[in-house]
């Protein structure tokens with residue numbers, strides 16, 4: 001595998017050589033900002049072809065970096081965030097089901113504190129580390145952000161909150177919706193203030209306070225995840241659009257606007273040229289619908305754009321795991337280019353370490369450096385196989401063949417009254433079909449089923465403790 005260096009991306013062209021020379025004059029290590037959105041669908045940005053949604057800031061970021069057309073995360077929040085921060089599949093850290101949302105859930109699951117996060121590695125190498133937004137890797141004390149390498153953290157510990165009351169709505173009958181907003185492990189109250197604005201406020205504060213030293217900011221937005229409470233100034237923009245796209249589009253533009261505010265803070269303080277920005281969504285768009293405590297707060301049955309791809313959040317189809325992703329570091333990463341190679345959010349871990357001049361950890365990680373792919377559009381994907389597993393579902397992808405076990409189709413409206421459609425024990429799809437994943441090839445290609453099933457079983461033996 002090619003070695004990634006800050007100059008190694010630039011090639012031999014004269015303009016790239018000039019950019020490389022400029023990059024070498026910088027002092028210190030690059031800052032790192034990960035912008036992670038919540039339930040943003042496969043193609044939900046203008047630069048991905050969704051011309052009915054206004055996303056000028058995401059589009060501008062793509063113009064200053066490399067946009068990936070085949071970026072994979074996971075099917076829901078918890079395993080996706082585990083992969084992102086550890087560079088390892090979630091089975092290694094015990095993230096195999098929903099994690100705790102309330103600090104008092106003594107018997108609930110939490111990500112193992114033995115897992116080493118990106119924040120821990122960067123902090124050990126001189127970085128100030130901060131989280132603003134959503135955690136969702138375990139709410140129990142001892143498993144919170146400050147226990148996993150963050151110097152400071154502001155936001156909610158569980159899966160989502162109302163944007164004004166800051167309450168978690170998926171609560172049990174014996175426990176009404178509960179408040180979920182914390183600063184450094186201590187509960188705080190800012191009732192009535194719009195949470196995406198609080199995320200931006202804290203991100204900006206962190207950037208300004210640490211502008212004179214290397215920092216890592218994990219900006220984990222809670223939007224466009226339901227409840228779909230968009231900024232009112234964007235609502236009229238989509239008046240003529242039908243539901244549920246109308247509500248969802250307004251949430252996407254709200255998200256884009258807050259992303260732009262964070263990026264402008266970097267520009268204002270002269271930090272953008274020495275800041276690695278990584279943008280991604282945690283999973284596909286949601287089709288969930290919920291009514292609890294006489295409040296309807298779901299995603300109105302969907303609204304995301306997957307193009308030709310089937311599926312949505314909580315499925316193993318492409319619409320559930322294929323997400324938008326952009327990487328940018330001016331003068332080092334090419335600008336205004338696209339890459340069609342398949343990548344994973346686990347790849348951010350080793351890529352960030354190499355760009356920051358930090359030695360890789362001495363244990364096995366599953367992510368691969370994106371250096372060779374960023375350097376050339378002709379370099380093959382660094383992954384031979386992709387694996388996902390969540391609750392009873394699993395999938396393995398090799399080339400264009402994807403075998404899904406115990407799959408669900410979440411493409412349409414989902415609710416507790418309309419259970420997710422089960423797809424059968426084994427479903428064999430081919431991504432090169434005219435209508436990808438719409439045809440089950442399991443019966444006519446048993447040899448492919450056998451080969452991929454063995455690959456899945458071999459993978460399980462490697463990654464399950």
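Let's see how each residue does on (1) assigned to a loop (DSSP other than H, G, I, E, B); (2) in contact with a strand residue (DSSP E or B) (Cβ under 6 Å, 6 or more places away or on another chain); (3) modelled with pLDDT under 95:
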{"site": "71", "(1), (2), (3)": "no, yes, no"}
{"site": "85", "(1), (2), (3)": "no, no, no"}
{"site": "88", "(1), (2), (3)": "yes, no, no"}
{"site": "126", "(1), (2), (3)": "yes, no, no"}
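The single condition among (1) assigned to a strand (DSSP E or B); (2) over 20 Å from the mean Cα position of the chain (by Cα) that residue 236 does not meet is (1). Annotation note: of 414, 422, the sole residue that is farther than 20 Å from residue 90 by Cβ, modelled with pLDDT under 95 and buried (at least 20 other Cβ atoms within 10 Å of the Cβ) is 414. All told, residue 167 falls short of being out of contact with any helix residue (DSSP H, G or I) (no Cβ under 6 Å at 6 or more places or on another chain) and either over 27 Å from residue 292 (Cβ atoms) or not assigned by TED's automatic domain parsing to the domain that holds residue 85 (or both).
Taking the listed residues 81, 109, 92, the one that is modelled with pLDDT under 95 and under 30 Å from residue 458 (Cα atoms) is 109, with no other qualifying.
State yes or no: is residue 59 over 23 Å from residue 304 (Cβ atoms) and surrounded by fewer than 22 Cβ atoms within 10 Å (Cβ to Cβ)? It is false that residue 59 is over 23 Å from residue 304 (Cβ atoms) and surrounded by fewer than 22 Cβ atoms within 10 Å (Cβ to Cβ).
Scoring residue 442 on the criteria (1) on the phi < 0 side of the Ramachandran plot; (2) at pLDDT 95 or above; (3) crowded, with 20+ Cβ neighbours inside 10 Å leaves a single failure, condition (3). Scanning the stretch 115-147 for residues that are within 16 Å of residue 215 (Cα to Cα) and in contact with a helix residue (DSSP H, G or I) (Cβ under 7 Å, 6 or more places away or on another chain) returns 117, 118, 119, 120, 121, 129, 130, 131, 132.
Any residue that is touching a strand residue (DSSP E or B) at 6+ places or on another chain (Cβ under 7 Å), assigned to a strand (DSSP E or B) and on the phi < 0 side of the Ramachandran plot - is there at least one of those in the stretch 135-149? No, there is no match, as no residue in the stretch 135-149 is touching a strand residue (DSSP E or B) at 6+ places or on another chain (Cβ under 7 Å), assigned to a strand (DSSP E or B) and on the phi < 0 side of the Ramachandran plot. Whether a residue is more than 19 Å from the chain's Cα centre (by Cα) and in the same structural domain as residue 179 (by TED's automatic domain parsing) was assessed, and residue 107 passes this test. Please tell me if residue 335 is assigned to a loop (DSSP other than H, G, I, E, B) and either assigned by TED's automatic domain parsing to the domain that holds residue 159 or free of Cβ contacts under 8 Å to residues at least 12 places away in the same chain (or both). Answer is yes for this residue. Taken together, the criteria place residue 252 among residues that are closer than 21 Å to residue 296 by Cβ and assigned to a helix (DSSP H, G or I).
Checking each residue in the stretch 263-309 for being out of contact with any helix residue (DSSP H, G or I) (no Cβ under 6 Å at 6 or more places or on another chain), assigned to a helix (DSSP H, G or I) and surrounded by 19 or more Cβ atoms within 10 Å (Cβ to Cβ) picks out 263, 274.
Annotation note: of 222, 210, the sole residue that is in contact with a strand residue (DSSP E or B) (Cβ under 9 Å, 6 or more places away or on another chain), touching a residue at least 24 places away in the same chain (Cβ under 8 Å) and within 24 Å of residue 294 (Cβ to Cβ) is 222. Out of 59, 44, one residue alone is in contact with a helix residue (DSSP H, G or I) (Cβ under 9 Å, 6 or more places away or on another chain) and touching a residue at least 24 places away in the same chain (Cβ under 8 Å). It is 44.
The values are calculated or read from the model by the stated rules, or taken from the named source; none is laboratory data. Model, not experiment: these values are computed from the prediction. Neighbour counts run over all protein chains shown; Cβ positions are idealised from the backbone, glycine included.
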